[in-house]
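Peer 1: Below you will find the structure I want to go over with you.
We did not get these values from a lab; they are worked out from the coordinates using the rules stated. Fair warning: this is a prediction, and the values are worked out from it, not measured in the lab. Note that each Cβ is placed from the backbone with ideal geometry, even for glycine, and that neighbours are counted across all protein chains shown.
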Amino acid sequence: MPAETIRQCTTVFDRPEPDVGNYFVSTYPPFSCWTPEGEAPFRRWLGQPPAGLAPPLGLYVHIPFCVERCHYCYYLSHEDRFGEVDTYLEGMIGELSLYSRTPALDGRPLDFVYFGGGTPSILSMTRLRSLMEGLQRHSDWARAREVTFECAPRSVTEDKLRLLRDSGVTRISVGIQQMDDRVLEANGRVHLVADVERAYAMIRRVGFEVVNLDLIVGLVGETEESFFGSLDRVIGLQPESITTYQLEIPLNTPLYHAMEAGGADVHPASWDVKHARLQAAMSRLEAAGYSVRSAYTAVRDPDRHRFHYQDAQYGGADLLGIGTSAFSHLGGINQQNLASLRTYLEARARGDLPLWRAYALDDTERMVREFVLQLKIGSVSSAAFRTKFGVEILDFFAEPLALGHRSGWFETSADGVVVTREGLVRIDRLLPAFYLPEHQAVRYS
Ligand SMILES: C[S@@+](CC[C@H](N)C(=O)[O-])C[C@H]1O[C@@H](n2cnc3c(N)ncnc32)[C@H](O)[C@@H]1O
Ligand code: SF4
């Protein structure tokens with residue numbers, strides 16, 4: 001590991017959050033550094049059996065279809081391509097079958113699985129059944145610690161939930177966003193509060209280990225009352241996990257276009273308001289018996305209601321992502337699939353892996369990646385990084401930690417780094433200060 005330290009972070013801390021554009025950090029180095037040429041080391045890695053003990057392996061499955069596009073949403077999803085669903089699902093099963101026959105992945109059981117979207121729950125019973133059977137022909141999640149399935153309230157039925165439970169799903173995650181019909185409508189959601197209550201009752205009747213409900217703070221039309229009223233109603237339902245995202249307004253969203261066009265009634269909350277509401281929400285969740293587990297998620301029981309998909313990735317697990325735009329982190333190499341449905345389906349029709357861009361991390365970059373991602377959970381252990389990477393994180397990141405400490409965002413001790421509440425609510429803005437200098441000024445995506 002080179003004796004390098006992180007510098008030049010002052011300007012990063014001085015930059016405010018962008019009013020519009022991407023904010024959430026899900027990987028390192030930023031996607032814009034990944035290139036088609038990076039594919040060669042990725043393919044070489046697939047061709048070799050694991051040397052020594054392989055890390056845990058997870059699977060991400062992307063379902064890029066929704067009933068309608070919510071105004072704020074930037075996920076890759078289509079509301080008008082339902083004619084291609086069957087070809088897409090077959091293509092994805094075929095993609096997994098190609099990976100399952102590589103020396104690197106052959107026979108490795110899955111430790112965690114995540115079905116995300118888009119809206120996985122809009123698939124019909126027939127399609128869900130053939131997807132689950134198809135994927136399980138090429139992978140084994142019988143002993144997985146967690147299998148998450150994302151749902152939107154209106155598309156949940158008891159039949160589908162039973163099928164999911166019987167296919168091994170342990171964690172259901174529902175996008176409810178807010179419990180106020182006026183706000184839901186103003187943001188283009190197709191569901192109403194009554195749909196959330198109906199779906200939640202069904203999920204409880206069928207029975208899953210963990211139910212997570214997603215909220216967004218800062219939506220168009222949101223007020224102090226609507227947000228905290230929503231939070232209280234969600235707490236009243238007593239899900240095992242509550243996730244609160246702060247609204248981002250990426251440039252590919254209908255909301256951004258409406259703001260550009262000067263829509264009189266389009267005034268999402270400022271970052272200061274979002275941070276303050278999220279921080280107050282964390283206190284309210286704690287007062288109700290929840291524990292804050294990351295910058296976004298609070299859980300009822302931190303020992304039992306872990307979010308393995310997140311924790312394992314942040315700890316350096318292997319992740320295979322299948323489907324359009326899905327990304328992988330395998331053997332220390334980042335890889336993202338083709339991001340348009342057309343190019344993805346063309347690659348699959350040719351029988352190819354639908355690779356788009358990749359980036360092979362060196363040892364220092366792997367260490368920085370795990371450090372940055374673990375800050376999102378709120379603490380990083382010095383001993384863990386010493387053992388795994390031979391690095392003293394308090395020395396390596398001394399400059400941004402000292403600056404961040406002065407602003408009240410980080411605390412340090414011999415044990416490592418703890419992110420304060422003030423730091424946690426703005427963590428995605430602070431993370432680039434810990435990047436290697438060559439990655440600090442680049443675009444995220
Ligand atoms: C893929 S969606 C989840 C499932 C389902 N599609 C739904 O919306 O009900 C994942 C979550 O991302 C969050 N999200 C989407 N767009 C966002 C944005 N612009 N800013 C913040 N969070 C966002 C929402 O909370 C959403 O529930
Ligand atoms: S928030 Fe969920 S339902 Fe809405 S467009 Fe995005 S993925 Fe689809």
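Peer 1: Ignoring the sites themselves, what is the longest stretch of the chain with no trypsin sites (Lys or Arg not before Pro) in a DSSP loop and at most 15 other beta-carbon atoms within 10 Å? Mind dumping the intermediate values first?
Peer 2: Details: sites that count: R7, R81, R101, R143, R304, R350, R443.
With trypsin sites (Lys or Arg not before Pro) excluded where exposed in loops, the chain gives 144-303 as its longest stretch.
Peer 1: Between D362 and M125, what is the label-point separation in nm under the 7 Å Cα-to-beta-carbon projection?
Peer 2: 5.7
Peer 1: Here is a follow-up. How big is the antiparallel share of DSSP beta bridges in segment 36-311, given as a percent to the nearest 5?
Peer 2: Bridges in segment 36-311 are about 15 percent antiparallel.
Peer 1: Quick one: Cα centre-to-centre distance for segment 81-114 and segment 350-387, in angstrom?
Peer 2: 23
Peer 1: Follow-up question, since we're still on this one. Roughly how many Å is it from the Cα centre of segment 17-80 to that of segment 310-341, as a whole number?
Peer 2: 5
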